[in-house]
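These notes are about the structure you will find just below.
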Amino acid sequence: MQAATALAPLVGPATIGIVLTAAAIDLDRRRIPNWLTFGAWIAALPLMATIHGPAAGSLAWLYGWTVGLVLFLPFYLMRGMAAGDVKLMAAVGAWLGGSMALKIALATCVIGGAWALVQVLATGQGRSTLARVGHMLIAALVPGSRPVQPQAEASAGSLPYGVAIAAGTLTMLFAGT
């Protein structure tokens, strides 16, 4: 029990280190490496088992990992997010648990959404982005319709979403929720 008490304070700083490393690499290379995400998953399991006990810790790890993965998986499947971002969110869940992963994912979406909006407006792509979204909504909501491709214009760009995940994680950890 002594080891559990001594190790519990390491969870937050370790998670911060993971997400800041991912953000820095994502900014530089526009990808989050598997060695970081898989390594974070693997490192979290024995720590959770030590802190919570083997059975409860393994379940807490699995639950947090699953919540983190499932929350961002639909965005990956719709090609709106890269796989590294999804795996990073799963790692955050493995370290901090399912309920915190949910809060972090919500904060991340708000931060990432605001960042994307600023980027769209700053690049002058507001009108064409709205047109593309409108065409996608029509295609999704009207049975039998096919998406009409608006004239190709320059993209507003992509976001290194590891930065948004890091910002969401820091926000929730320091908010004390």
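Once the other residues with Cβ under 15 Å from the Cβ of Pro33 are scored (Lys, Arg +1; Asp, Glu -1), what is the net sum?
For residues surrounding Pro33, the net value is +1.
Which length gain, in nm to one decimal place, applies between Arg127 and Thr50 when the Cα-Cα distance is subtracted from 0.36 nm times their residue separation?
Taking Arg127 through Thr50 to full extension adds about 22.4 nm, to one decimal.
If I take every Cα pair under 8 Å that is 6 or more residues apart in the stretch 36-177, average their sequence separation and divide by the length, what percent do I get for the relative contact order?
Over the stretch 36-177, the number comes to 24 percent.
In whole Hz, what ³J(HN,Hα) sequence does the stretch 16-24 give by Karplus (6.51, -1.76, 1.60; θ = phi - 60°), x for Gly and Pro?
4, x, 5, 6, 5, 5, 4, 5, 5
Between Leu137, Leu106, Leu69, find the one with the highest GNM mean-square fluctuation for the chain; connect C-alpha pairs within less than 10 Å.
Leu137
List, in order, the whole-Hz ³J(HN,Hα) value for each residue of the stretch 64-74 obtained from phi through the Karplus relation with A = 6.51, B = -1.76, C = 1.60 and θ = phi - 60°; use x for Gly and Pro.
Coupling constants for the stretch 64-74: x, 4, 5, 4, x, 5, 5, 5, 9, 4, x Hz.
Considering only Tyr161, Thr108, Thr129, whose Cα is most displaced toward the positive end of the charge dipole of the stretch 1-176, charges sitting on Cβ of Lys, Arg (+1) and Asp, Glu (-1)?
Of the listed residues, the answer is Thr129.
Can you pull the one-decimal nm distance between simple spin-label points at Ala83 and Leu141, each 7 Å off the Cα toward Cβ?
3.4
Calculate the all-directions average of the projected area of the chain's alpha-carbon convex hull, and give it in nm².
11.8
Once you put a point 7 Å from the Cα of Val118 and another 7 Å from the Cα of Asn34, both along the Cβ direction, what distance in nm separates them?
So the label points at Val118 and Asn34 sit 3.4 nm apart.
Under a 10 Å cutoff between Cα atoms, tell me which one of Ala40, Ala131, Ala22 has the largest fluctuation in the Gaussian network model of the chain.
Ala131
Using alpha carbons only, how many degrees (0 to 90, rounded to 10) separate the axis of helix 161-175 from the longest principal axis of the chain?
It is inclined by approximately 50 degrees.
Given points 7 Å out from each Cα along the Cα-Cβ axis, report the Thr171 to Leu62 separation in nanometres with one decimal.
About 3.2 nm, to one decimal.
Just to confirm the number: angle between the C-alpha axis of helix 98-122 and the first principal axis of the chain, 0 to 90 degrees, nearest 10?
The answer is roughly 30 degrees.
Over its Cα atoms, what ratio of radius of gyration to 2.2 N^0.38 Å does the stretch 70-152 give?
Cα-based Rg divided by the globular estimate yields 1.34.
Alpha carbon centre of the stretch 1-53 versus the stretch 84-119: separation in Å?
Each part's Cα centre sits 15 Å from the other's.
Every number here is computed from the coordinates shown, using simple stated rules; none is lab data. All values derive from a computational prediction rather than experimental measurement. Positions of Cβ are generated from backbone atoms using ideal geometry, with glycine treated the same way; all protein chains shown enter the neighbour counts.
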